[in-house]
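Values quoted throughout were computed directly from the atomic coordinates according to the rules given, and no laboratory measurement underlies them. No experiment lies behind these values; they were computed from the predicted model shown. No Cβ is skipped: glycine too gets one built from the backbone with ideal geometry, and neighbour counts run over all protein chains shown.
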Amino acid sequence: MNNPKKSPQIFLHIPPQVWHQFSHAMMNARTTNEEVIGFLFCKRHQVSKQKVRYLPQSWVVPSPDCYERQSASGLVMKQQFHQYLLQTFLEKEKLDVVHIHTHAERGQPEFSGVDDLYESEYARFLSSNFKKKPRLISGVFDETLQHSQFRIWDRKGKSFERINYSQSWFELSQEANSGNETNLMFARQQAFGEGVQKQLGELTVALIGCGGIGAIFAELLGRLGVKKWILIDRDRLESVNLNRLPAATQDMATQQWYKVHYVKHLIKRIYATGSCVKAIPASITDESAKQAVAAADLIVVATDNHSSRQVAQELALAYMRPLVCLGTHIDIKPDNTPRMYCRVTVPPLGGGWCLMCGNIINLHRAALESAADEINHLATRVGYVEGISDPAVFWLNSLCASTGVGIIHSMLSGFLDVDNGLDWIYEFPESNWLKTNPDYLGTCGCYFCGS
């Protein structure tokens, strides 16, 4: 007997910053209690056979003069405006469409019979008139835009299925398993709520860079409750690394362990069972590594080079993934005393500003690092690239890694607002915390993340 084919989980993920702008425009488009409609145009990301994401690329909320009729009982758009939307976003950009409309009521809304009839016909229309056969996703909200339902129609307009909708940083359940007994390992973390602990257990983290910062970060976040990891690093352990890697041994260096296998070993020491760790001993430029990172819930880049940070940022923008960048720097002042920094940067989800805006990535250095070896050697000889590795110490790396873990825990717990992003720099020995104003970063007109 054949098992019935299981439908993939479908997610519509709207970044908080995008939802704030979109919902504000929806509320402003209504003068009294009329229904109002808005459109999200999305690209489809097939994460796996079991999971599909729809990621907003553009959105439109019609102004009152775009309607033939707008009332509390329904609305009709002008044909010319509707045709513009179809040609621009479906025909030219080949995106799928999300219709979001409101009902003049408060509380949990339901799709009406009129909604069913209209959407069924519209799903067939899209499939019949566009070569790509775009899918129709529909959402209904109450008049406060606080309560909603979402569904996706088949291309024949005959049936639909409910889909998962999120306007947070992560596509994770907000509810705790009330029937499960609390794991004693996390008993002293219950102040943050059982729901937060459950989300930590569900979170899949892609860690790019498993060296001095990345290894400590994985140890700390792992002990907080994260069990699902994708590890990316092509380097092997060396004796020079041992002063900065917890539980690393000379035997590991002698045997030339890959750093990803060493960090996997760290996580497996915490969770002998129940963890899922995919170790990829390759560069982030490798296509299989990119696909694995794009499927994660969170991207963390902890490398010491600009090219890998650039690729990580481009993946985060393309697949609308949260990104955390960790880094340290030590230089020597003229009086031969050290000056040390650690930096944690979280660009806003979905764009607004990025690592290039904050000068965290030097594109000139990134280009040289990704060039062929002979070009890199030539650049080193003429002084474009420093020939000596940057100094590094365990405690500074630990400060950076623990700050990053604290920010992620705060994002999940909800007591740190990062919707506009953050960029924190700690300076030692002056003991100064420098916090960049993200409003300034968002005005640079960046080629990578600008509208």
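Kindly state, as a whole number, the per residue volume in cubic angstrom of the convex hull around the alpha carbon atoms of the range 116-246. Intermediate values should be presented prior to the final figure.
Details: hull volume 24.9 nm³, N = 131.
Enclosed volume per residue, from the Cα hull, is 190 Å³.
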*Built amide H within the under 5 Å cut-off of Val277, gap 5+*: Trp229
*Just from its helices, what would the mean residue ellipticity at 222 nm be for the chain, if runs of 4 or more DSSP H residues each count -39500 (n - 2.57) and the sum is divided by every residue, rounded to the nearest 500 deg cm²/dmol?*
-9000 deg cm²/dmol
*So what J values fall out for the range 259-270 if you push phi through Karplus, 6.51 cos²θ - 1.76 cosθ + 1.60 with θ = phi - 60°, rounded to Hz, Gly and Pro as x?*
5, 5, 6, 5, 5, 4, 4, 4, 5, 5, 5, 6
*Per residue of the range 50-63, in order, report the coupling 6.51 cos²θ - 1.76 cosθ + 1.60 (Karplus, θ = phi - 60°) as ³J(HN,Hα) in whole Hz, putting x for Gly and Pro.*
9, 8, 10, 10, 10, 10, x, 10, 8, 9, 9, 10, x, 7
*How long is the gain from Leu363 to Ser112 if the chain were fully straight, where each residue apart is worth 0.36 nm and the alpha carbon distance is subtracted?*
85.1 nm
*Cross-link partners among aspartates and glutamates for Lys132, C-alpha distance below 20 Å, same-chain residues fewer than 8 apart left out?*
Glu91, Glu93, Asp96, Glu119, Glu121, Asp154
*Round to the nearest 10 and give me the degree value, 0 to 90, for the angle of helix 113-129's Cα axis relative to the longest principal axis of the chain.*
70
*State the number of lysine pairs found in the range 191-441 whose Cα atoms come within less than 14 Å, restricting to pairs 8 or more positions apart or on distinct chains.*
12
*Treating the angle as unsigned and between 0 and 90°, give the value, to the nearest 10°, between the Cα long axis of helix 16-28 and the longest Cα principal axis of the chain.*
30
*asked:* Run through the range 202-244 and list the GluC sites (Glu not before Pro) located in a DSSP loop whose Cβ has at most 16 other Cβ atoms within 10 Å.
replied: Glu238
_Distance histogram in 10 Å bins (all Cα pairs of the range 191-441, percent per bin)_ = 7, 30, 39, 20, 4, 0
*Share antiparallel - DSSP beta bridges, the chain, percent rounded to 5*: 60
*Based on the Cβ-Cβ distance of Ala272 and Leu184, what FRET efficiency does E = 1/(1 + (r/R0)^6) give at R0 = 22 Å, to the nearest 0.05?*
0.90
*Search the structure for amide H atoms under 5 Å from the amide H of Leu12, placed 1.01 Å from N in the peptide plane, and list their residues when 5 or more places away or on another chain.*
Tyr54, Asn164, Tyr165, Ser166
*Ranked from highest to lowest mean number of other Cβ atoms within 10 Å per residue, what is the order of the peptides 246-258, 320-332, 146-158?*
320-332, 146-158, 246-258
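Quick one: Cα convex hull volume of the chain, Å³ per residue?
Each residue corresponds to 207 Å³ of Cα convex hull volume.
How many percent of Cα pairs in the range 9-166 exceed 19 Å? Before the final figure, lay out the partial values.
Values: 6561 of 12403 pairs.
Roughly 53 percent, once rounded to a whole number.
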*Which whole-Hz ³J(HN,Hα) couplings does the range 290-298 yield from phi under the Karplus relation 6.51 cos²θ - 1.76 cosθ + 1.60, θ = phi - 60°, glycine and proline marked x?*
4, 5, 5, 5, 4, 7, 6, 7, 8
